[in-house]
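One structure below.
The values are calculated or read from the model by the stated rules, or taken from the named source; none is laboratory data. Just so it is clear, the model here is predicted, and its values are computed rather than measured. All Cβ positions, even for glycine, are placed from backbone atoms using ideal geometry, and neighbour counts span all protein chains on display. Surface accessibility is based on the protein's heavy atoms, side chains included, excluding ligands, DNA and RNA. Shrake-Rupley method; radii C 1.70, N 1.55, O 1.52, S 1.80 Å.
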Amino acid sequence: MKFTIALLIVTTVASLASGAVVQGIGRSNLSQGYVYPGDRLLTRHYLYQPARPNTIQYQDYTYRGNYTTRISAVTATEVGYTQYASAWVLAGGVGYSSVTVRVQSAKGYGFYFVIDVWGR
Ligand SMILES: *[C@@H]1O[C@H](CO)[C@@H](O)[C@H](O)[C@H]1NC(C)=O
Ligand SMILES: *[C@@H]1O[C@H](CO)[C@@H](O)[C@H](O)[C@H]1NC(C)=O
């Protein structure tokens, strides 16, 4: 019995890991642009969602600057242990005054990201 359970767990983790590699190319953590001298951290925002069985969950976060704002860098980094989640830019970003970031969980997992927007 114990052996069966252990085998099941190994199989599950392995298939999720390979799925994450395919889905996660260039996506797992987001890093766009560079922080230059004189840039400020315009916003830091946390997005958190607990795991939900059999479900892929996502959430969008939008930062809007004013008409003088120029974004120089956008990062989204998983907090704590990895949950195989992904983050990418949906709209705006470096060179724009606003940015929309989407974070998405792996199936059956949650996500916990910290999103930083740098610029001036
Ligand atoms: C994403 O960033 C976190 C925190 O720095 C790190 O632990 C994790 O390994 C990174 N994930 C990938 C796929 O690079
Ligand atoms: C516009 O946004 C910038 C940050 O990008 C801020 O430093 C500046 O004070 C804002 N200007 C106005 C008029 O709100």
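Each row is one residue, and each column tells you yes or no for (1) at pLDDT below 90; (2) among the small types (Gly, Ala, Ser); (3) closer than 18 Å to residue 103 by Cβ.
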position: 17; (1), (2), (3): yes, yes, no
position: 44; (1), (2), (3): no, no, yes
position: 47; (1), (2), (3): no, no, yes
position: 56; (1), (2), (3): no, no, yes
position: 69; (1), (2), (3): no, no, no
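Just to be sure I understand, how many residues within the stretch 71-88 are within 11 Å of the chain's Cα centre (by Cα) and on the phi > 0 side of the Ramachandran plot?
1
In this structure, does residue 84 turn out to be farther than 19 Å from residue 42 by Cα, touching an Asp or Glu at 6+ places or on another chain (Cβ under 8 Å) and either open to solvent by less than 30 Å² (accessible area, probe 1.4 Å) or in contact (Cβ under 8 Å) with a residue 40 or more places away in the chain (or both)?
So residue 84 does not fit the description; no.
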